[in-house]
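Following: one structure in structure tokens, then a few remarks.
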Amino acid sequence: MTMSKNNSSDNHRDDQSHVRRGKLQALQQSGYQYPNHFKPNHYANELHQRHEKDTSETLDSHRHSVQLAGRMMTRRLMGKASFFNCQDATGTIQVYVRSNDIGQDAYDEFKQHDIGDIVYIEGHLFRTKMGELSIYATQLTLVVKSLHPFPDKFHGLNDPELRYRQRYLDLIVNPVVKQVFVTRAAVMRFIRQFFDNRQYVEVDTPMMHPIPGGAVAKPFVTHHNALDMPLYLRVAPELYLKRLVVGGMERVYEINRCFRNEGLSTKHNPEFTTIEFYQAYANYHDLMDLTEVLLRELVLHIKGHMTIDFKGQQIGFSEPFKRLSVDEAILQYNPNLKQADLSDIVRLKAYAHSIGVDVTDVVSSDLVRMELFDKTVEKKLIQPTFIDTYPTIVSPLSKTTIDQPDCVDRFELFIGGMEIANAFSELNDPDDQAKRFQQQVNNRESGDEEAMYFDQTYITALEYGMPPTAGEGIGIDRLLMLLTDQASIRDVILFPQLRPNTQSD
RNA sequence: GGGCCGUUAGCUCAGCUGGUAGAGCACCGGACUUUUAAUCCGUUGGUCGUGCGUUCGAGCCGCACACGGCCUACCA
């Protein structure tokens, strides 16, 4: 850390950071050296839980001795005795400090401490007049001086920009934030267990791809100096995971980041976390069933019941998930459309135009239907809903439905108006896959920046023979949004992408 | 990328019709030995996001830019 920031505040005697630095200097002059020998052996929440039922008399007679360390958050100084709240990794516990008990010098020193300082406390438990479990301090030591003023003790930190840029402050003063990320860890752990229990092997495949593939998306490009070649941050692990299936790893999964060089929104961060999993000798119907079991068990495990509240709506997981084809969904949410209209591009386009959906450059009825689906159906699919029977043209890695070459064995799962999962029976006909890649290359040449590249090494792998396989990707961040009722993906990602700001950080 | 909104003290926010900025918390000083948004008394603290313009005069009006939020577009 440089001192530059402090220089500008030297002019102001009472600048809070300056005052705190002055206190630190005084401490250092009397020998303070950022000590690291304190060993707290209790946590705030553990104490609250263990002694929830203990009365004042019980606590006084047992005199439970405790050692605790944490951040001093609110202080109530009353002359020769004080209370403050000490916040550690688990929660907050109140501490009572009396000059009689810790000594006048130590008490004077305590009065110099500031909100945000990290302290070590020894003492014993007691209950206050108001009945609050607290620590009666017999010793109190400053461990780390905090050099910046803290956010308002009551209003906290509201400004989203500050919350994301200084997430550590957000975590300190907004308890729900920490809860979201603890839940995130629990979700990851549960999902791993779920697949481990089903004989899946967790693998790590490259994050840097010589040929970006596995999804229709714009990649980030970087350059490897020693190899002198471009590398692409992966948009999906799909093609590598399927190589592993070819190699005989018949059940694999990977939980990791994907990167897409596209717009940001409440549902999109440039890097996001997915689980992708592949299972040989399974088809997309098997994965629908598996997904339903996974989500039902996950919701139960995380929430303790089968319902979640998301943006004021109740979403239920106990009933079987709805299953609709793309066309059925379009008809259901567009009552003015008839079945016969769906294959008539002129009537489709006229209808799209009439409801303000721009399809002027769209050339096939399949694509118009997907556009209509995206614009009129997706955000209305609040309850868990599987959508299947996707057109082949938008699914270059999916197996076509037998005897129906225009559509593929694929589904997507929508919950809370968001796409949560995408799955299909994998295309394992290498010649068909080569044709689909070629189509993507043609799209790219006619200006589609998101179209896929031709990946001959993947075709070669398929030529060795991939067992019939079904694969699926689930967006972990969006799942977290649902489980923690957060409206923005930035609130389930610790450090969401922001533009750099010269003022803070 | 487009539209709308926001940016005022460390934090949370007021600021009227254009007339040199206020509150609460925090901070600093004082009182106070069971408080808990502690209380009481007295202070301190501002390049009003940045720049240009209009005006006798701009936190307020206009333009440009920066950052953020929401909606939209694309994806998961």
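Quick notes on this one:
- The residues of the stretch A:14-35 that are in contact (Cβ under 8 Å) with a residue 60 or more places away in the chain, open to solvent by less than 40 Å² (accessible area, probe 1.4 Å) and within 13 Å of RNA strand B (Cβ to nearest atom), listed by number, are A:Ser17, A:Arg20, A:Leu24.
- Residue within the stretch A:147-154 that is more than 9 Å from RNA strand B (Cβ to nearest atom) and either farther than 14 Å from A:Met72 by Cα or touching a strand residue (DSSP E or B) at 6+ places or on another chain (Cβ under 9 Å) (or both) present: no
- Only one of the numbered conditions (1) open to solvent by 20 Å² or more (accessible area, probe 1.4 Å); (2) in a helix (DSSP H, G or I); (3) within 14 Å of RNA strand B (Cβ to nearest atom) is violated by A:Val441, and that is (3).
- Yes/no for A:Arg499 being near RNA strand B (Cβ under 7 Å from one of its atoms), surrounded by 12 or more Cβ atoms within 10 Å (Cβ to Cβ) and either over 30 Å from A:Ala282 (Cα atoms) or assigned by TED's automatic domain parsing to the domain that holds A:Lys242 (or both): no
- Selection of first residues in the stretch A:146-168 that are over 13 Å from A:Asp491 (Cα atoms) and of second residues that are surrounded by fewer than 16 Cβ atoms within 10 Å (Cβ to Cβ), restricted to Cβ pairs under 6 Å at least 6 apart or on distinct chains, gives the following pairs, ordered by first then second residue: A:Leu147/A:Ser17; A:His148/A:Ser17; A:Pro149/A:Gln16; A:Lys153/A:Thr74.
Condition check ((1) within 11 Å of RNA strand B (Cβ to nearest atom); (2) open to solvent by 20 Å² or more (accessible area, probe 1.4 Å); (3) more than 30 Å from A:Leu498 (Cβ to Cβ); (4) assigned to a strand (DSSP E or B)) across all residues:
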{"site": "A:Val66", "(1), (2), (3), (4)": "no, no, yes, yes"}
{"site": "A:Asp101", "(1), (2), (3), (4)": "yes, yes, yes, no"}
{"site": "A:Gly123", "(1), (2), (3), (4)": "no, no, yes, yes"}
{"site": "A:Tyr168", "(1), (2), (3), (4)": "no, yes, no, no"}
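- In the set (1) over 26 Å from A:Leu239 (Cβ atoms); (2) out of contact with any helix residue (DSSP H, G or I) (no Cβ under 6 Å at 6 or more places or on another chain); (3) surrounded by fewer than 18 Cβ atoms within 10 Å (Cβ to Cβ), A:Arg347 fails one condition alone, (2).
- Close pairs (9 angstrom Cβ cut-off, 6 or more residues apart or separate chains): in the same structural domain as A:Phe277 (by TED's automatic domain parsing) and under 11 Å from A:Ile308 (Cβ atoms) in the stretch A:474-495, among the polar types (S, T, N, Q) and surrounded by fewer than 22 Cβ atoms within 10 Å (Cβ to Cβ) anywhere: A:Met481/A:Thr266; A:Met481/A:Ser488; A:Leu483/A:Thr183; A:Thr484/A:Gln179; A:Thr484/A:Thr183
- Some residue of the stretch A:208-217 being part of a helix (DSSP H, G or I) and either outside the structural domain of A:Thr90 (by TED's automatic domain parsing) or open to solvent by less than 30 Å² (accessible area, probe 1.4 Å) (or both): no
- Residue that is nearest to A:Asp88 (Cα to Cα), among those in the stretch A:14-47 that are among the charged types (D, E, K, R) and in a loop (DSSP other than H, G, I, E, B): A:Lys39
- In the set (1) within 12 Å of RNA strand B (Cβ to nearest atom); (2) open to solvent by 40 Å² or more (accessible area, probe 1.4 Å), the condition left unmet by A:Phe84 is number (2).
- Of residues in the stretch A:218-255 being hydroxyl-bearing (Ser, Thr, Tyr), out of contact with any helix residue (DSSP H, G or I) (no Cβ under 8 Å at 6 or more places or on another chain) and surrounded by 15 or more Cβ atoms within 10 Å (Cβ to Cβ), the one nearest to A:Ile474 (Cα to Cα): A:Tyr240
Residue by residue, here is whether (1) surrounded by fewer than 20 Cβ atoms within 10 Å (Cβ to Cβ); (2) within 12 Å of RNA strand B (Cβ to nearest atom) holds:
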site: A:Gln383; (1), (2): yes, no
site: A:Thr392; (1), (2): no, no
site: A:Pro396; (1), (2): no, yes
site: A:Asp431; (1), (2): yes, no
site: A:Glu449; (1), (2): yes, yes
site: A:Met452; (1), (2): no, yes
site: A:Tyr458; (1), (2): no, no
site: A:Leu462; (1), (2): no, no
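- Taken together, the residues in the stretch A:395-413 that are within 19 Å of A:Glu371 (Cα to Cα) and either basic (Lys, Arg) or in contact with a Lys or Arg (Cβ under 9 Å, 6 or more places away or on another chain) (or both) amount to 5.
- When each of A:Thr138, A:Thr90 is tested for being touching a helix residue (DSSP H, G or I) at 6+ places or on another chain (Cβ under 8 Å), more than 7 Å from RNA strand B (Cβ to nearest atom), β-branched (Val, Ile, Thr) and in a loop (DSSP other than H, G, I, E, B), the lone residue that passes is A:Thr90.
- Qualifying positions in the stretch A:250-282 - closer than 22 Å to A:Arg189 by Cβ and more than 12 Å from RNA strand B (Cβ to nearest atom): A:Arg251, A:Val252, A:Tyr253, A:Glu254, A:Ile255, A:Asn256, A:Phe277, A:Tyr278, A:Gln279
- Members of the stretch A:375-407 that are part of a loop (DSSP other than H, G, I, E, B), touching a helix residue (DSSP H, G or I) at 6+ places or on another chain (Cβ under 9 Å) and closer than 30 Å to A:Gln313 by Cα: A:Val377, A:Leu381, A:Pro384
The values are calculated or read from the model by the stated rules, or taken from the named source; none is laboratory data. Bear in mind that the values here come from a model prediction, so they are computed numbers and not experimental data. Neighbour counts are summed over all protein chains in view; Cβ atoms, including those assigned to glycine, are modelled from backbone coordinates with ideal geometry. With ligands, DNA and RNA removed, areas are computed over all heavy atoms of the protein, side chains included. Shrake-Rupley method; radii C 1.70, N 1.55, O 1.52, S 1.80 Å.
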